[in-house]
Amino acid sequence: MFEGRISYTRLRSAKVGRAFEFQAEVAGFRAAESQGARKDLQHTGELQVGTLVGVKLHCSGAGVRCTALSSARQNVLTPDDKAKWRWIVKPSATGTMALALTVTAYYRDTDNVLFEKPPFMQRARVDATAAHTARRAKDDAIAVLAFLGAVLGLGVAWVTIHEFWQRRSGRKAEAEAAKKAPPRKVRHREGPRVRRRNRT
């Protein structure tokens, strides 16, 4: 194995819903020297190459998703070799986004690890776009209206049930009162009285 160098995208602030490309490049020392520094990539220290190299990107925070566009393992076998890895990174919420880049050297085409570099960490703030802010305000308004509609619906339902039970209770009370009331006496009308005249 021999000396190599890794460089990766310099992470700046991001916007919600806006995807961007993240790159990492591992090169042998001669390839790295001939390439020189690039403004869009942040150069780091040296590492060991000369074998199969694996680079992984771990994303966290701000609802971020990272989609790999290249093979996880690539060969860097000579000092003149270089390999590139690419990902699409897309945050979906505001907050702080963290990206961790790990580099591992494997023995030939096996899982035996020869060298592993501690993760290269970067953090960036994710801000909201005007469209995201407007959409969020709209969603909040819809949620409030839905809540008010649910509350109103519950109120109407309660009033309806209350009136139903009141009517039912009233009819039941009337029926019980009718059962407890004494029967009415029927008065029979008497016929007209006939006066008897005394005979003289």
So which of R5, R12, R30, R86 is surrounded by fewer than 17 Cβ atoms within 10 Å (Cβ to Cβ) and in a strand (DSSP E or B)? R86
One residue is enough: does segment 40-59 have a residue meeting the conditions assigned by TED's automatic domain parsing to the domain that holds A105, surrounded by 17 or more Cβ atoms within 10 Å (Cβ to Cβ), over 16 Å from F115 (Cα atoms) and touching a residue at least 24 places away in the same chain (Cβ under 8 Å)? yes
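In segment 89-112, how many residues are part of a loop (DSSP other than H, G, I, E, B) and closer than 20 Å to Q48 by Cβ? Working first, answer last.
Start the filter on segment 89-112 by keeping residues that are part of a loop (DSSP other than H, G, I, E, B), which leaves 91-94, 107-112.
Subsequent filtering for residues that are closer than 20 Å to Q48 by Cβ retains 107-112.
So the answer is 6.
Residues are listed down the side, and each one gets a yes or a no for (1) farther than 30 Å from S7 by Cβ; (2) at pLDDT 60 or above:
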| residue | (1), (2) |
| --- | --- |
| V89 | no, yes |
| T94 | no, yes |
| N112 | no, yes |
| M121 | no, yes |
| A141 | yes, no |
| F147 | yes, yes |
| V151 | yes, yes |
| A175 | yes, yes |
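For segment 25-49, give me each residue that is of a type outside the set (D, E, K, R) and closer than 15 Å to D81 by Cβ. Walk me through it before giving the result.
Within segment 25-49, the first condition is being of a type outside the set (D, E, K, R), and the residues that meet it are 26-29, 31-32, 34-37, 41-45, 47-49.
Those that are of a type outside the set (D, E, K, R) and closer than 15 Å to D81 by Cβ: V26, A27, G28, F29, A31, A32, S34, Q35, L47, Q48, V49.
The values are calculated or read from the model by the stated rules, or taken from the named source; none is laboratory data. Owing to the predicted nature of the structure, the values given are computational and were not obtained by experimental measurement. Positions of Cβ are generated from backbone atoms using ideal geometry, with glycine treated the same way; all protein chains shown enter the neighbour counts.
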